[in-house]
1. Taking the range 189-229, which residues are of a type in the set (Asp, Glu) and either in contact with a Cys (Cβ under 7 Å, 6 or more places away or on another chain) or in contact (Cβ under 8 Å) with a residue 12 or more places away in the chain (or both)?
2. Could you grab me the full set of residues in the range 83-107 that are open to solvent by 10 Å² or more (accessible area, probe 1.4 Å) and farther than 26 Å from residue 144 by Cβ?
3. Considering the range 132-152 alone, what residues qualify as being open to solvent by 30 Å² or more (accessible area, probe 1.4 Å) and under 19 Å from residue 91 (Cβ atoms)?
4. Name, by its number, the condition in (1) in a loop (DSSP other than H, G, I, E, B); (2) in contact (Cβ under 8 Å) with a residue 24 or more places away in the chain that does not hold for residue 134.
5. Checking residue 80 against (1) of a type outside the set (S, T, N, Q); (2) assigned by the TED database to the domain that holds residue 189; (3) crowded, with 23+ Cβ neighbours inside 10 Å, which single condition isn't satisfied?
6. Of everything in the range 1-41 that's open to solvent by 70 Å² or more (accessible area, probe 1.4 Å) and over 20 Å from residue 223 (Cβ atoms), which residue is nearest to the chain's Cα centre (by Cα)?
7. If we keep just the residues of the range 63-77 that are of a type outside the set (Lys, Arg) and under 14 Å from residue 95 (Cβ atoms), which is most open to solvent (accessible area, probe 1.4 Å)?
8. Considering only the range 101-117, how many residues are out of contact with any helix residue (DSSP H, G or I) (no Cβ under 7 Å at 6 or more places or on another chain) and assigned to a loop (DSSP other than H, G, I, E, B)?
Amino acid sequence: MKKIGLVGGISWTSTVDYYRYINEGINEELGGLNFAECMIYSVNFDNFQRFNSEYDWDATFELLVNAAEDLKKAGAEAIVLCANTAHIVSDRIAAQVNLPLIDITTAVAERINQVGLKKVGLLGTTYTMELDFYKDKLIANGIEPMIPESQEDRDYIEDTLRNELGRGVLNPETKKQYLAIVQQLIDKGAEGIILGCTEIPLLIHQEDIQVPVFDTTKIHAQAAVAFALEAGK
């Protein structure tokens, strides 16, 4: 089994789920008392959010690459960035740390293609929705991403991710508004919905939506399990 290094704290609430899903996945495959060999470096979420809000991607890179390098020193054999937005700098981190980096967008695109969908709604931070780093990888895999058309809706998602879900606050009114935004995407042709921020699955679940939902936290954790086990064969 390969040792997985998790760069977490972005936010801690979703990092908890990463740890749980990875350990459950290893145990499901190996049984008994087998669980993951993994390490977590939990960064200060305030720094991550501040650098992102300033569009200071060099500072975001330094914050995350330092965590990844410490995980490598501790014995990690692959890196998992436990946030969709963190993948803005994922290629730079992989190049500097010189370890396999299990990419969340690649894992999500593979899952969507397995289901056979071509047009999907994308919810996430404003950076994930509005910048090209995430959408371009989906497009390269034959998937057309759709984001909420309204700037007000995108700003609402960003604000609630930062001030509610990132703190572990689950508000029924927020869920109602998210589902209204999702329905607008479905009405415009979305065949599925990517929960493209690792906090959103804390609030929204498959049973809430009539089209396939792609829980990026769970999909990414499953990719980490596959790497840990397949690479060790």
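The values are calculated or read from the model by the stated rules, or taken from the named source; none is laboratory data. In this text, all values refer to a predicted model and were calculated from it rather than measured experimentally. We place every Cβ from the backbone using ideal geometry, glycine too, and count neighbours over all the protein chains shown. To get the accessible areas, we keep the full protein, side chains included, count just its heavy atoms, and leave off ligands, DNA and RNA. Shrake-Rupley method; radii C 1.70, N 1.55, O 1.52, S 1.80 Å.
1. Of all residues in the range 189-229, those of a type in the set (Asp, Glu) come to 191, 199, 207-208, 215.
Scanning the range 189-229 gives 191, 199, 208, 215.
2. Within the range 83-107, 92, 94, 95, 96, 98, 99, 100 qualify.
3. Narrowing the range 132-152 to residues open to solvent by 30 Å² or more (accessible area, probe 1.4 Å): 132-133, 135-137, 139-142, 144, 147, 149-152.
Result: 132, 133, 135, 136, 137, 139, 140, 141.
4. Evaluating residue 134 over (1) in a loop (DSSP other than H, G, I, E, B); (2) in contact (Cβ under 8 Å) with a residue 24 or more places away in the chain leaves (1) as the failure.
5. Residue 80 satisfies all of (1) of a type outside the set (S, T, N, Q); (2) assigned by the TED database to the domain that holds residue 189; (3) crowded, with 23+ Cβ neighbours inside 10 Å except (2).
6. Only one residue tops the list, namely 12.
7. Ranking the qualifying residues of the range 63-77, first place goes to 69.
8. 2
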